[in-house]
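The values are calculated or read from the model by the stated rules, or taken from the named source; none is laboratory data. Treat the numbers as computed from the prediction; the structure is a model and nothing was measured. Using ideal geometry, Cβ is built from the backbone for each residue, glycine included, and neighbour counts are taken over all protein chains shown.
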Amino acid sequence: MASRVPPGSADEPHEGGARLTGAQVSAINRFPDDNPNPVMRMDADGHLIYANPASTGVLKAFGVSVGEVVPRQVVARLEAVALARGFVEFVADDRTFAVWPVPIPDLGFTNLYGTDVTAERAIVKFPDQNPNPVFRIDRDGTLVYANPASAGLVAGLDLTIGAGLPADLREALLRSVRAADRSTVEVEAGGCVYALLPVDVPEFGFVNVYGTDITAARERERLAAENERLLLNILPGPIAQRLREGEPLIADRFDDVTLLFADIVEFTRLSSDLSPSELVGVLNDVFTAFDGLVERYGLEKVKTIGDAYMVVGGMTDRSDDHTIRVAGMALDLFDAVARIDAAARLGIRFRIGIHCGPAIAGVIGRKKFIYDVWGDTVNVASRMESLGLPGRIQVTHAVMERLRPTYRLEARGLIDVKGKGPTPTYFLTGHAGPTRAGSVTEAVAAHAAHDGTDLL
């Protein structure tokens, strides 16, 4: 390996020990230490035998110091372009260097000439023919460049070259740059939605912002969310997920659920003078209030049938307090309906029936499919509603046993239930404890006169 005497010395030997000629010394003098550009020398064995002070960045990119062997992958890249007089780019600390290898066979080494091309590469990042929006802002958030594809975005933000970005957008972009997390910033402009990726260029004191039109993607997401909302209006969430996962037949048996039926008393007569839009409007207002209560109490709406509403508890959450929660919802229904102006004007009242026990549930149909519940528990709950009294909540003995510690109930006595014969039933009137002004007990009383039966 050549000795490491100062470059350009007349005493520097050739590999064979001979003195260098004047021409050879002149060649070596091409590597002055004061050259502002990187200049290096690599011997035939791949040792870096010289590097001027301006080569610091390139050496860092190589991962080598003077006297060490240049990594084989670096040598291979240099050899690949040497014969074609080409160059190789290396990056270190946000700087980009182009390095030209120039073999000098007579002296047994290769000169490596480097040039800092960071600025050129930064500018290349903004070609006018780029089909995506690309613009540049300075540290104060002033727009200093925008390519033609940015016209819609720039116009939508009401910007011109030399103008400052809106404060919230400027801060969001600069915050993303400071975080160095490569996160995008979304902005609406000109009727489109763009994802903006800010990239810091610290050596020049500006930020490059790369834009992508994601309007179509966001619209697809909105439609997917709307479809999901509609699906969950038809099916409980866990059931919808099972269908999405490809389960062909959904049928489940539940050992214990609570069913509630609510039906508007004489709705056909009450609505006879209403237009179709008024009729649907009233039902929508009333059942929307019901939907809110179902969600609040963690229950599941099974379906509506005309002016009837069906709810189940204990089916998706399998908790032990579903009967308590169904009763709470039933009591709140009276207050909810009383606050609806159209319902109050029509004098709408409900019959409500509740029963608990085992049931079977599943999805039937391929088109316009529905989630439904079957079994004796469903039939008895329906009978509790149809054989009840306007403005009252009628429950079975099984429900009464679960509610008695928490709620106030009145014994109605025996009623004849089809398929069951004489059956004891009860009216749910409110929460246990002292009656307060505006309580649910008073709300129930407002819907039906007290019939004088014994309080449990």
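Things worth noting here:
- Val66 surrounded by fewer than 16 Cβ atoms within 10 Å (Cβ to Cβ) and farther than 12 Å from Met40 by Cα: no
- Qualifying residue in the stretch 274-288 (condition: assigned to a loop (DSSP other than H, G, I, E, B) and either of a type outside the set (A, V, I, L, M) or within 32 Å of the chain's Cα centre (by Cα) (or both)): yes
- From the options Leu243, Leu230, Leu249, residue that is surrounded by 15 or more Cβ atoms within 10 Å (Cβ to Cβ) and out of contact with any helix residue (DSSP H, G or I) (no Cβ under 6 Å at 6 or more places or on another chain): Leu243
- Residue match in the stretch 335-346 (condition: of a type in the set (A, V, I, L, M, F, W, C) and under 12 Å from Leu260 (Cα atoms)): no
- Here Leu59 meets each of (1) in contact with a Lys or Arg (Cβ under 9 Å, 6 or more places away or on another chain); (2) not assigned by TED's automatic domain parsing to the domain that holds Asp200 with one exception, condition (1).
- Qualifying residue in the stretch 364-385 (condition: assigned to a helix (DSSP H, G or I) and exposed (fewer than 15 other Cβ atoms within 10 Å of the Cβ)): yes
- Of the criteria (1) without any contact (Cβ under 8 Å) to a residue 12 or more places away in the chain; (2) closer than 30 Å to Pro390 by Cβ, which one Arg220 fails: (2)
- Only listed residue being more than 17 Å from Ala336 (Cα to Cα) and surrounded by 15 or more Cβ atoms within 10 Å (Cβ to Cβ), chosen from Val257, Val286, Val294: Val257
- Subset of the stretch 63-108 (residues that are in a loop (DSSP other than H, G, I, E, B) and either touching a strand residue (DSSP E or B) at 6+ places or on another chain (Cβ under 8 Å) or charged (D, E, K, R) (or both)): Val64, Ser65, Val66, Gly67, Glu68, Val70, Arg85, Gly86, Phe87, Asp93, Asp94, Gly108
- Residue that is in contact with a Gly (Cβ under 9 Å, 6 or more places away or on another chain), without any contact (Cβ under 8 Å) to a residue 40 or more places away in the chain and within 26 Å of Arg345 (Cβ to Cβ), where the choices are Leu279, Leu283: Leu283
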